[in-house]
Each structure stands twice: as structure tokens, then as C-alpha cells.
Amino acid sequence: QVQLVESGGGLVQFGGSLRLSCAASGSIFRINSMGWYRQAPGKQRALVASITSGGTTNYADSVKGRFTISRDNAKNTVYLQMNSLKPEDTAVYYCNAVGRYSGTIRPFDSWGQGTQVTVSP
């Protein structure tokens, strides 16, 4: 089992900043990719940003230039720095990790429990 624990969500005003963290633990051999997704009420879950173990990043167009994803491979932790927040960024943010279990080397695709981000106008 791989567990992902998120932190850092909350309520912020328009134009403010938040930093999300997500730490992975468990029977981990390697994590290939970590990312953040979000789901607003009535909408499907969508990719916000992702980062590979080598540092290659990918962002949704709506957050480019405002959000920055980073990763500490030694700590199996991913961060999302969110600046210039807008009300349309309001959503539940989910952490995701894709990799392989230790021992069996089988693949895993794990999700965190989600953290609420609310941006007031």
C-alpha cells in the first residue's frame, strides 16, 4: 500500500497564495510521476500539474505562470505553490503518485484524500 497525505489547503482571498504539500509513504520502490488534480463542484477531476522523477513538469493552461510544482525525491514529497489565486481555482485538490511497489515491483497509481482550496472574490 502507498499512502498520500496532503496538507496546505484553506481559504484565501483573490490574488493570494497557498502552498500544498503531499507526502507519499509505504512500500515504495520508485515514484515515476507525482501530480496535482482538482475537482470543482459539478465538474470532472482535471490535471493541474505533474512532475516526473527527472523534474519534467506539465501544467494546465489555466495555471501556467501562476502555479509551480516541485518535488523532493528523497522525501517522496510533491509541492504546489499557487500564486495569484482566482475564484475559479476553488476546488478540492488531489495528489496523485504513479510508481512501483517495493518487493513485487508491481505498479501503483495512488490518490490522496483531497484538500479543499477556496478563493474568495
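The values are calculated or read from the model by the stated rules, or taken from the named source; none is laboratory data. The structure displayed is predicted, hence computed values, not measured ones. Reconstructed Cβ throughout: ideal geometry from the backbone, glycine too, with neighbour counts over all protein chains shown. With ligands, DNA and RNA removed, areas are computed over all heavy atoms of the protein, side chains included. Shrake-Rupley method; radii C 1.70, N 1.55, O 1.52, S 1.80 Å.
Structural remarks
- Residues that are open to solvent by less than 80 Å² (accessible area, probe 1.4 Å) and either of a type in the set (Gly, Ala, Ser) or assigned to a strand (DSSP E or B) (or both) within segment 61-76 comprise Ser62, Phe67, Thr68, Ile69, Ser70, Arg71, Asp72, listed in sequence order.
- Residues of segment 22-60 that turn out to be surrounded by 17 or more Cβ atoms within 10 Å (Cβ to Cβ) and not aliphatic (A, V, I, L, M), as a count: 8
- Residue within segment 98-105 that is open to solvent by less than 40 Å² (accessible area, probe 1.4 Å), closer than 18 Å to Glu6 by Cβ, within 16 Å of the chain's Cα centre (by Cα) and aliphatic (A, V, I, L, M) present: no
- Pairing each residue of segment 63-75 that is under 24 Å from Ala91 (Cβ atoms) with any residue that is of a type in the set (S, T, N, Q) and modelled with pLDDT under 95, provided the two are 6+ apart or on different chains, yields C-beta distances under 9 Å for Arg71/Ser53.
- Selection count, segment 5-16, where residues are assigned to a loop (DSSP other than H, G, I, E, B) and open to solvent by 60 Å² or more (accessible area, probe 1.4 Å): 1
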